[in-house]
Each structure stands twice: as C-alpha cells, then as structure tokens.
Amino acid sequence: MSKDSEEFQITKENQLRRLKQAQMQRKVKYQKKRLKRMRSFLKFLIVLFIMGLCYLIVKLPQWKLSSAAFDKVDNPSLEIINNKIVPSYKILSALRCNQVPQEPIFMVKTEHLKESIMHLEPVQDVYIRRFWFPARLQIIVIERTPILTISPEANVPPIAFFSVDGTLIGREYMPLDPSYKTWLILTYGTKDDYRSWDEAKVRMFRTLAQSVEDLSGEKVEYIDYKNPDDIYIKIPTVNIRIGKMSSSTMNRIARLPSLLPQVKMLNKKVKYIDLRWEETNYIKLDE
C-alpha cells in the first residue's frame with residue numbers, strides 16, 4: 001500500500017473516531033438535559049405536594065376552637081385555673097359576651113376575652129394561653145387578695161370582703177375559701193358606711209389587727225366597729241376596748257403584754273380590758 005493510501009486510511013479512521021466522540025458527547029449532553037428537566041419537574045411536584053399538605057394541615061378542624069368552647073366549663077377546649085373566689089361559671093358567662101373565634105388558634109386575638117373577664121370585681125389580672133394542636137385556651141386568673149370580711153354580727157356569715165388594695169367585693173362571691181386569712185369587722189354600715197371605705201381605711205384595720213396579734217400572741221377573732229366611737233377587739237382570752245381611733249391608739253395597745261398575764265391570773269370572769277385612756281387602763285370584771 002502506498003504512503004498516500006496509508007495516510008488516507010488514517011485520516012478516515014480519525015474522522016470516524018471524532019464523529020463517534022461527537023455523537024457520544026451529544027448523547028451525554030442530551031441525557032444531562034433530560035435529567036435536569038426531570039429533577040426540575042420532581043422539585044415542582046414536591047413543592048406542590050408540600051404546599052397541598054400544608055394547606056390540608058392548616059385546614060384541619062383541630063386548629064380551631066370548638067364552636068361549643070364557651071358552652072360549659074368542663075370541655076376540652078377551655079381550662080380555667082387559679083380561681084378560688086370567682087366561680088368558673090361566672091368566668092364562662094363573661095366569655096360568652098364574645099363569639100368563639102373562628103380563625104385558627106395561632107391567629108386568635110385574646111385581648112377582648114381578657115377585657116370581658118377583667119370586668120369581674122375580684123379579678124386583678126388575667127393571662128390567656130393558646131395551645132395550638134388541638135386548639136384550646138387556658139385562662140389563668142389572678143384574683144385580688146382578701147384581707148377583711150364584713151358582717152353585722154359575729155355569728156352571722158360575712159356578707160362582703162375587702163381586698164388588700166381596698167376593693168369591696170359583694171355577697172355574690174361569698175363565702176371565701178378557708179385558706180384565706182382575713183380579719184372580721186363587725187359593722188352595721190350606718191354610722192360609718194363600709195361601702196365608702198377606701199384603701200387607707202382598710203390598711204388601718206389591717207394594722208390594728210396585726211398589732212394586737214403581735215402583742216398578744218393570739219388571733220383576733222373580730223373587731224367590733226358597730227360604734228366607731230367605741231371599738232372593741234376580741235381575742236380568745238379577753239375583749240379589748242380601745243374606744244375611738246386616734247393617734248395614741250397604737251401606744252395604748254402596746255400595754256397588752258403587761259395586762260394579759262394579769263387577766264389570765266384572775267379567777268373571775270373578765271368583761272374587757274379598757275384601753276380608752278391615755279394615762280390609765282384597767283380590767284373590767286363581768287359582774
């Protein structure tokens with residue numbers, strides 16, 4: 001074979017090789033494009049699936065409060081806690097002033113629900129927690145702290161109470177839970193109407209009762225305020241007559257630690273300890 005023939009043969013083989021390489025390259029590029037399109041399509045399907053799934057999840061009824069959430073106290077959509085003075089049914093009644101929210105629980109605004117409950121006199125503050133799935137509300141009630149109870153007589157159940165901040169709470173929230181420590185004030189509300197008492201007046205009775213307990217070591221059973229000009233304080237050992245409240249009242253009460261042992265030593269029935277006077281005091285016997 002001539003040299004020209006050999007060179008022609010080699011050139012032809014090179015061309016065929018290059019042609020096959022070009023064909024392979026085109027095939028690889030086509031496969032890559034095809035895979036890329038397939039991946040893009042699969043991503044699109046996955047996004048659609050996730051969006052559809054999210055839509056279905058959001059539309060689940062468990063994200064919304066039951067339409068009967070405010071119908072009764074004992075239901076899984078509503079929990080009322082920390083209320084010892086205000087009955088749960090009164091809180092539920094306050095909630096019924098509002099419509100049950102129809103939007104998903106995470107979009108519910110609770111300010112109007114809180115305002116409705118805050119209208120109840122013993123309620124000092126309210127916290128409302130939202131639980132997402134299943135949707136429910138937890139009402140946490142912060143109540144005013146009772147400090148004084150009001151009654152016309154010692155053997156008559158209290159008809160009202162005052163909180164520490166001077167708020168008067170009426171008969172509808174009585175009786176109080178026994179866990180509350182309060183001082184009983186006896187008054188008819190005629191000479192000094194308790195309905196007009198303010199925080200300062202409540203603080204005065206609180207200070208008076210606490211001082212007597214600290215000095216005597218005994219619990220004050222009641223403060224007889226039926227006559228504001230002649231006040232009595234009853235402790236288990238004896239009645240204490242302090243007369244009218246004045247700037248010297250606390251100084252007069254300070255004599256109790258020296259007088260109580262004398263009362264306990266007597267074999268006679270004592271009517272009261274008289275602490276009305278500045279300079280003198282005496283033990284009145286029950287004749």
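Assuming 0.36 nm per residue, please report the length gained on full extension of the stretch Arg39 to Glu279 beyond their Cα-Cα distance.
Values: separation 240, 0.36 × 240 = 86.40 nm, distance 10.27 nm.
Answer, rounded to one decimal: 76.1 nm.
Rounding to the nearest 20 debye, state how big the charge dipole of the stretch 150-287 is about its Cα centre with +1 on each Lys and Arg Cβ and -1 on each Asp and Glu Cβ.
Details: 20 positive and 20 negative charges, 75 e Å.
Here the size comes out at about 360 debye.
Once amide H atoms are built 1.01 Å from N in the peptide plane, which residues 5 or more positions from Ile142, or in another chain, come under 5 Å H to H?
Result for Ile142 returns Gln124, Asp125, Val126, Tyr127.
In nm, to one decimal, how far is the modelled label at Lys32 from the one at Asn251, with both set 7 Å along Cα→Cβ?
10.5
Could you give the length gained by full extension between Arg17 and Lys84, i.e. 0.36 nm per residue of separation minus their alpha carbon distance, to one decimal place? Provide the component values of the computation, followed by the final result.
Values: separation 67, 0.36 × 67 = 24.12 nm, distance 9.41 nm.
Taking 0.36 nm per residue and subtracting the Cα distance, the gain is 14.7 nm.
Check which residues have an amide H placed less than 5 Å from Tyr222's amide H, if you skip close sequence neighbours.
So Tyr222 has HN proximity to Lys234.
FRET efficiency for Ser179 and Gln124, Cβ-Cβ distance as r, R0 = 22 Å, nearest 0.05? Before the final figure, lay out each step's value.
On the way: r = 17 Å, r/R0 = 0.78.
E between Ser179 and Gln124, to the nearest 0.05, is 0.80.
Once phi is turned into θ = phi - 60°, what whole-Hz ³J(HN,Hα) does the Karplus curve with 6.51, -1.76 and 1.60 give for every residue of the stretch 164-170, x standing for Gly and Pro?
Calculated HN-Hα couplings, in order: 4, 8, x, 7, 8, 10, x Hz.
For the pair Glu111 and Val58, what calculated FRET efficiency results from E = 1/(1 + (r/R0)^6), where r is the Cβ-Cβ distance and R0 = 30 Å, to the nearest 0.05? Don't skip to the end; give the middle numbers.
Values: r = 24 Å, r/R0 = 0.78.
Once the sixth-power term is evaluated, E becomes 0.80.
Counting other Cβ atoms within 10 Å of each Cβ, which trypsin sites (Lys or Arg not before Pro) in the stretch 170-271 have at most 14 and sit in a DSSP loop?
Hits after loop and neighbour filter: Lys181, Lys191, Lys219, Lys244, Arg255, Lys268, Lys269.
To check you understand DSSP bridge types, tell me what percent of the beta bridges within the stretch 146-285 (both residues inside) are antiparallel, rounded to 5. Show your work: numbers first, answer last.
Working: 17 of 25 bridges.
Taking every DSSP beta bridge within the stretch 146-285, about 70 percent pair in antiparallel fashion.
At q = 0.30, 0.31 Å⁻¹, what log₁₀ I(q)/I(0) does the stretch 172-218 have when each alpha carbon counts as one equal point scatterer in the Debye sum?
After summing over all Cα pairs, the log10 values are -1.15, -1.15.
Work from the charge dipole of the stretch 1-110 (Cβ charges, +1 for Lys and Arg, -1 for Asp and Glu, about the Cα centre) and give the residue of Asn75, Val28, Val86 farthest towards its positive end.
About the Cα centre, the residue reaching furthest to the positive side is Val28.
Set the Förster radius R0 to 35 Å, insert the Cβ-Cβ distance between Gln25 and Val47 as r into 1/(1 + (r/R0)^6), and round the FRET efficiency to 0.05. If you can, show how the numbers build up before the last one.
Details: r = 33 Å, r/R0 = 0.94.
My answer for the efficiency is 0.60.
Tell me which residues come under 5 Å, amide H to amide H, from Val270 once H is placed; ignore anything under 5 positions away on its chain.
Under 5 Å from the amide H of Val270 lie the amide H atoms of Asp286, each far enough along the sequence or on another chain.
Can you give the extra length, in nm with one decimal, that the chain gains between Asp230 and Asp286 once fully stretched, where that is 0.36 nm per residue apart less the Cα-Cα distance? Before the final figure, lay out the partial values.
Values: separation 56, 0.36 × 56 = 20.16 nm, distance 1.81 nm.
That works out to 18.4 nm of additional length.
Using label points projected 7 Å from each Cα along Cα→Cβ, tell me how many nm separate Ser67 and Asp192, to one decimal.
Going by the 7 Å Cα→Cβ label model, 5.8 nm.
Using Cα springs under 10 Å in a Gaussian network model of the chain, which residue among Thr187, Thr11, Thr207 shows the largest mean-square fluctuation?
Thr11
What list of ³J(HN,Hα) couplings, whole Hz, do you get for the stretch 70-83 from phi and the Karplus terms 6.51, -1.76, 1.60, once you set θ to phi - 60° and write x for glycine and proline?
9, 7, 8, 5, 8, 8, x, 8, 9, 10, 10, 10, 6, 9
Would you mind checking the radius of gyration and Dmax of the chain based on alpha-carbon positions, in Å?
42.1, 160
Could you check the simple spin-label distance between Glu221 and Lys264, using points 7 Å along Cα→Cβ, in nm with one decimal?
1.7
Of all beta bridges DSSP finds with both residues in the chain, what is the antiparallel percent, to the nearest 5? Walk me through the intermediate numbers first.
Details: 26 of 38 bridges.
Bridges in the chain are about 70 percent antiparallel.
Considering Cα pairs under 8 angstrom that are at least six residues apart, work out the relative contact order of the chain and quote it in whole percent.
Dividing the mean separation by the residue count of the chain yields 10 percent.
Can you work out the Karplus-derived ³J(HN,Hα) for every residue in the stretch 262-268? Use 6.51 cos²θ - 1.76 cosθ + 1.60 with θ = phi - 60°, whole Hz, and x for glycine or proline.
Karplus-based 3J(HN,Hα) across the stretch 262-268 equals 5, 4, 5, 7, 6, 8, 9 Hz.
Each reported figure results from applying straightforward, stated rules to the coordinates on display, with no laboratory input. Because the structure is a prediction, the values reported are computed rather than measured. Reconstructed Cβ throughout: ideal geometry from the backbone, glycine too, with neighbour counts over all protein chains shown.
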